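Just below is one structure, and these are the notes that go with it.
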Number of protein chains: 2
Amino acid sequence: MAKAMDYENLNENVKKCQYAVRGELYLRASELQKEGKKIIFTNVGNPHALGQKPLTFPRQVVALCQAPFMLDDPNVGLLFPADAIAKAKHYLSLTSGGLGAYSDSRGLPGVRKEVAEFIERRDGYPSDPELIFLTDGASKGVMQILNTIIRGSSDGILVPVPQYPLYSATIALLGGSLVPYYLEETANWGLDIVNLRQSVAQARSQGITVRAMVIINPGNPTGQCLSEANLKEILRFCYQNNVVLLGDEVYQQNIYQDERPFISARKVLMDMGAPINKELQLVSFHTVSKGYWGECGQRGGYFEMTNIPPKAVEEIYKVASIALSPNVPAQIFMGLMVNPPKPGDISYERFIRESKGILESLRRRAQLMTDGFNSCRNVVCNFTEGAMYSFPQIRLPPKAIEAAQKAGKVADVFYCLKLLEATGISTVPGSGFGQKEGVFHLRTTILPAEEDMPAIMDSFKKFNDEFMEQYEDHKGYSRM
Amino acid sequence: MAKAMDYENLNENVKKCQYAVRGELYLRASELQKEGKKIIFTNVGNPHALGQKPLTFPRQVVALCQAPFMLDDPNVGLLFPADAIAKAKHYLSLTSGGLGAYSDSRGLPGVRKEVAEFIERRDGYPSDPELIFLTDGASKGVMQILNTIIRGSSDGILVPVPQYPLYSATIALLGGSLVPYYLEETANWGLDIVNLRQSVAQARSQGITVRAMVIINPGNPTGQCLSEANLKEILRFCYQNNVVLLGDEVYQQNIYQDERPFISARKVLMDMGAPINKELQLVSFHTVSKGYWGECGQRGGYFEMTNIPPKAVEEIYKVASIALSPNVPAQIFMGLMVNPPKPGDISYERFIRESKGILESLRRRAQLMTDGFNSCRNVVCNFTEGAMYSFPQIRLPPKAIEAAQKAGKVADVFYCLKLLEATGISTVPGSGFGQKEGVFHLRTTILPAEEDMPAIMDSFKKFNDEFMEQYEDHKGYSRM
């Protein structure tokens, strides 16, 4: 007889969910690494793993908070600047028992206040700390909100395709229905409202009530930045359709062009005035894992709720309580992120030098990578306007698709595995994010060190050209 | 029309779950604190919030890992002992990018290896790091495993009553069925197998398949330590009934008597030999939040799986991947907890002095509190053999029960609210943990500072005696 935790007896929703970012490619890459092969992990936006140095000032502050007895040591000034010491004392005063005590399940009230002040400075509208919850990374916040919304398989969540698989996996895990809306690759991954309406109509015809819509701005894996006009259309659409908008804005600091700066969904909503600004339900997500911080391993994030009624907020608070509190060190990182050194502070120059250095290099790498991909046979790639990824389309010849079928693999998985074996570059196949039928992509981060980038792109080009040489029909395979 | 995130439209399972540890009493205590009243928060096992100092050595190591640039500073030796520096280098070498990089979703392989070695030393049987997952606190691990097991309302989970509400809340959230088994207060909260069989039979008659059984050892809120004989019975029972055993062993370092030392479910299982040691499915949980560490705010924990087949382990790994990785600093704390300073290390003496100091004081406090409660009118209390709680029975007079009914409160909530208003002592009513019909308790931690304990118990006694005076029928209310 099968036992309670044998595979056949497990929760079907658990079995159904897929998470490609750490899927087959990642597992194979880990194996190859164990065998001694040098692997370039570009499968996940994990900057420090690829050599990005942490910002000095926030690390100094959190180190002091972890070892507060240093504050009483006469030698502390030899290792720490005075403003880091002052900040550490400030954050310790916001806790009730230092980093070792559970905080309120929503996070430290003092840090939530700093987040609200940041949002107000950013958007020009006040924000209420009581509607801000700190979380162990943005993913945990997204999962918590989706858990509150999804009641069963007839509840639909609009998700962009291609999408970040956190959404598809979580919706599957919670037993809801993913309602895809397609981003338009030829329009630089723009969002078309007509297409959105069609998606909703189709879902309705299948008995699905669309209850929420996810936007990822800047886009993951697609890298586009949404325009103000586009955001307005989206907000109006959500309002008309009684849909809560989930704004994944974790890449808001990662912008690599000047034409379309980041603008938050909340600011656009507030700009639109009554009645929509008092009615539309919005939850916005942010993190310390991205931007020029890249503090992924700390697991810090927040969500801010707009127009969510107090009784619903209470329910979300109650569920947050079950796991007691988000980790406290990352709450301090969040405070520091929304309240960084100011001009005149001892650490200001250094902080600016470090953060600008990272962002400017990311901008150059975004360009290097786009250009590199576009120089390859059968590869076309939109420019990475924001976020941390390049998402080239790989036009696979029919013979390659056939060979993949023979090997029992999806065609882009086949391509990415060959790429991995040949070059050590660990990417994620486009099928992990969703893509139109018969079209293939891969996702790579733009995070490898800038000095390594030319060699990586050369290595990719060499592999790709040989692959195309091998599988292309020389009698005249024409581009799609 | 109600909107998607209005209360009436939320997931019913979210609304159904209860979490008393941060429920009505906690919320009222927080309000009173805001109004300036001095509150003694004994509602949650949060030692640092009540003044327990963190252990110095682990904090030094994690501070160095947070600010690794200090390792290159010639002055580092003025603030940190050489063994802390060496340990920090060791743990940094186990990461791929320091504390700012996501780890493997199961946690750092090197730390999981150290956990496995700890388990082997503790139990005398080898443990496999591949079957150990690090988590953001033990609660998150419990939630993850229950999510893997529970498929719907006909899946039952055996939970002790009184129980820690993590279990009832999570089972409600996941839409499963809680199958209670009652602990016997008069037998020092012992577990009776006959009673367990009755619970299972009753659940079956209602169409519920019992799939897992939770034990909390040492007990929360009840403080008992399970004997080896009792654990054997439980394991045999689980084996006969095809039930996976979930062993919540987070209080394994918190033992306040010598007759019944902690013994892990896994050790007893292995001692029992074939076939049960190869068959019975067991998941054991541990944390850095309890013991003499009390590092609650760091959110670190692990679970270890025994006899769970690889295909099921893979599914659990996949679900863990969705939120990318547990926080890395707490993984280091876990490594340090299972691998503390050794005799001969520079920091050994200090570490032992600090940890013994905490444990011995907890032991004295456990006794002080039990004795204090037992000296009060209409209060009887079992001795806290382990864990961090005292769980006295409060024999409420009929008039008090009537007054509570009039006030629209459960009787023990009524009592605990009055206690809070009168003394500032914030406890959790027994109804939040489950108790037999008509019997009332409260839970308090034994964590207030030792020097404050006599005053707290006096204040409790004064309140209780006045309460009993007010509500007791002087014509001869007899004890139940």
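A few comments on the model shown:
- Here A:N9 does not qualify as more than 7 Å from every other protein chain (Cβ to nearest Cβ), farther than 19 Å from B:P109 by Cβ and touching a Gly at 6+ places or on another chain (Cβ under 8 Å).
- Qualifying residues in the range B:300-353 (those that are out of contact with any strand residue (DSSP E or B) (no Cβ under 6 Å at 6 or more places or on another chain) and among the aromatic types (F, W, Y)) - the one nearest to B:D128 (Cα to Cα): B:Y317
- Residues of the range A:374-407 satisfying the condition of being touching a Phe, Trp or Tyr at 6+ places or on another chain (Cβ under 9 Å), without any contact (Cβ under 8 Å) to a residue 24 or more places away in the chain and not polar (S, T, N, Q): A:V380, A:C381, A:I401, A:E402, A:A404, A:A407
- Single residue of the range B:252-299 satisfying the filter (small (G, A, S) and assigned to a loop (DSSP other than H, G, I, E, B)) that is farthest from B:R364 (Cα to Cα): B:A274
- Scope the range B:171-224; condition among the acidic types (D, E) and touching a residue at least 12 places away in the same chain (Cβ under 8 Å); matching residues: B:E185
- Just one of the listed residues (A:L108, A:L94) is under 24 Å from A:G301 (Cα atoms), more than 10 Å from every other protein chain (Cβ to nearest Cβ) and surrounded by 17 or more Cβ atoms within 10 Å (Cβ to Cβ), and it is A:L94.
- Being among the hydroxyl-bearing types (S, T, Y), at pLDDT below 95 and at negative phi is not true of B:Y91.
- Matching residues in the range A:256-269 - criterion: being crowded, with 19+ Cβ neighbours inside 10 Å and either within 21 Å of A:P326 (Cα to Cα) or touching a residue at least 40 places away in the same chain (Cβ under 8 Å) (or both): A:Y256, A:S264, A:A265, A:R266, A:V268
- Note on the range A:420-456: residues that are more than 13 Å from A:I394 (Cβ to Cβ) and hydroxyl-bearing (S, T, Y) amount to 3.
- Matching option when the condition is within 7 Å of another protein chain (Cβ to nearest Cβ) and charged (D, E, K, R), among B:R28, B:R59: B:R59
- Number of residues in the range A:432-445 that are under 14 Å from A:A404 (Cβ atoms) and out of contact with any strand residue (DSSP E or B) (no Cβ under 8 Å at 6 or more places or on another chain) equals 1.
- Annotation: of all residues in the range A:128-139 being surrounded by fewer than 24 Cβ atoms within 10 Å (Cβ to Cβ) and charged (D, E, K, R), the one that is farthest from B:R151 (Cα to Cα) is A:D128.
- Enumeration of residues in the range B:289-311 that are crowded, with 22+ Cβ neighbours inside 10 Å, of a type in the set (K, R) and at the interface with another protein chain (Cβ under 10 Å from one of its Cβ atoms): B:R299
- Unique residue being within 23 Å of A:G297 (Cα to Cα), more than 8 Å from every other protein chain (Cβ to nearest Cβ) and surrounded by fewer than 18 Cβ atoms within 10 Å (Cβ to Cβ) when the list is B:E349, B:E314: B:E314
- Qualifying residue in the range A:286-298 (condition: at pLDDT 95 or above and more than 19 Å from the chain's Cα centre (by Cα)): no
- Scanning the range A:300-322 for residues that are in contact (Cβ under 8 Å) with a residue 40 or more places away in the chain and part of a loop (DSSP other than H, G, I, E, B) yields a count of 2.
- Any chance B:K34 is in contact with a helix residue (DSSP H, G or I) (Cβ under 8 Å, 6 or more places away or on another chain) and more than 9 Å from every other protein chain (Cβ to nearest Cβ): no
The values are calculated or read from the model by the stated rules, or taken from the named source; none is laboratory data. Small disclaimer: the values here were computed from a predicted structure and weren't measured. All Cβ positions, glycine included, derive from the backbone under ideal geometry; neighbour counts span all protein chains shown.
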